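Since the structure comes first, as structure tokens, the remarks are kept for the end.
Derivation of every value follows stated rules applied to the coordinates shown; laboratory data play no part. The shown structure was predicted, so the numbers you read here are calculated from the model rather than taken from an experiment. Every residue, glycine among them, receives a Cβ derived from its backbone with ideal geometry; neighbour counts consider all protein chains shown.
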Amino acid sequence: MKIGAFISGCAGTALSAAEIAFFERANPWGLIVFKRNCETPEQLLKLTGDFRRAVGRKDAPVFVDQEGGRVQRLGPPSNSWRKYPPARAYGELFATAPVNALRSARNVARLMAEDMLACGITADCLPILDVPQPGSHDVIGNRAYSLNRDHVMALARAHAAGLMDGGVLPVMKHIPGHGRSQVDSHLGLPVVEASLDHLREIDFPPFAAFADCPMAMTAHVVYTAIDKSAPATLSGKVVKRIIRGEIGFDGLLMTDDLSMKALGGTFEEKCQRALKAGCDVVLHCSGILPEMEEVAAAAGLLKGKSLRRARTALKRMRKPLPFDRKTALADWQALVPG
């Protein structure tokens, strides 16, 4: 089967006839959903099922950004899902009670995975391994576990383990590190001028410690010490020398959203540059059909090492394991009072 080297969004709470026809024809590797797509578990399960029927693959991955805190697609104002804590809540607990923090991170992620799997979602864009630095933009902020890289490593591992225990694949982000950014990459292009030694000391180690993660998402960030001319997503130097080389990540590498203002050019240009740099699949989130058509045409098909990585990632999926729901709910309630 020929599969497109891209992950697509969709416009609303149900697939239109035009979207179904597009998915049948273009066969994107996966779908990503946002709050605009999520009304109730039953509605979302139908949407994800309709997507999989359109592409003809029961194992086609469906992604979501379900971090907790201010980045939670399944949640309030809908009463169907719990409000989950931001990553920093685990970091604050870790400072005084590390064992409790690690247990809570795993348990709460297990509850989140249960929510997602009930809706047909099989991959979560979590954990965040970015390590914010003083003066950096709040685009990461409390989405990061801690300012301490070692705490980030430990908590991210626990969070990801909870997802995988619940049958959901984790996607670590934003490789090789978004913590130093002084610009919101949704709105502009961040340029990090830290030395390579500083990046190696603080930014890269969390990703290297989690190089066995099934999938990773790139950072739309320029690192002048590596490549002054292009952000990581579009830079062969960053992808091949740092992400694949120094960090040692050989899982499925997806871009952050191509619609973000950090990247200039047409969708065709952005797709081609990202894939040439070494990304395996491109991510397009807007759900705007003409843009989806342009991305599909430019992305081409999954093949070679990228197809192998995509298959390997999906093989990491497993059936949910039993867990202590009572303890998990108590851990959740302790972190989200009221």
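As a quick test, which of the pairs K46/K319; K35/K305; K270/K315 have an alpha carbon distance above 23 angstrom in this structure? Walk me through the numbers before you get to the answer.
On the way: K46/K319 21 Å; K35/K305 33 Å; K270/K315 29 Å.
Pairs exceeding the cut-off: K35/K305; K270/K315.
Sorted by average packing, counted as other Cβ atoms within 10 angstrom per residue and highest first, what order do 34-44, 5-15 take?
Highest to lowest by the protection proxy: 5-15, 34-44.
Say the dipole of the chain comes from +1 at the beta carbon of Lys and Arg and -1 at that of Asp and Glu; which of I140, L283, A60 then lies farthest toward its positive end?
A60
Nearest-5 percent of antiparallel DSSP beta bridges in the chain?
Values: 3 of 28 bridges.
So the antiparallel bridges in the chain amount to around 10 percent.
Students often check this: by mean Cβ neighbours within 10 Å, which of 226-235, 326-335, 183-192 ranks highest, and how do the rest follow?
The peptides rank, most packed first, as 226-235, 183-192, 326-335.
For the chain, what does the alpha-carbon gyration tensor say about shape, rounded, prolate or oblate, given a ≥ b ≥ c as the root eigenvalues, a/c under 1.5 as rounded, and a/b over b/c as prolate? Mind showing how you got there, number by number?
Working: a/c = 1.62, a/b = 1.05, b/c = 1.55.
Since a/c reaches 1.5 but b/c is at least a/b, the shape of the chain is classed as oblate.
Among the complete DSSP H segments of the chain, which ones combine at least 18 Å of alpha-carbon extent along their axis with a mean Kyte-Doolittle hydropathy of 0.0 or more?
98-118, 149-165
Using a 7 Å offset from the Cα along the Cα-to-Cβ direction at both K326 and K83, what is the distance between the two label points in nm, to one decimal?
2.7 nm
Report, ordered by chain and residue number, the aspartates and glutamates lying within cross-link reach of K83, taken as a straight Cα distance under 20 Å and ignoring same-chain residues fewer than 8 apart.
Reachable aspartates and glutamates: E39, E42, D65, E67, E92, E114, D115, D124, D324, D331.
With both bridge residues required to lie in region 1-117, what share of the DSSP beta bridges run antiparallel, to the nearest 5%?
Of those bridges, close to 25 percent are antiparallel.
Apply the a/c threshold of 1.5 to the C-alpha gyration tensor of region 86-164 and tell me whether it is rounded, prolate or oblate.
oblate
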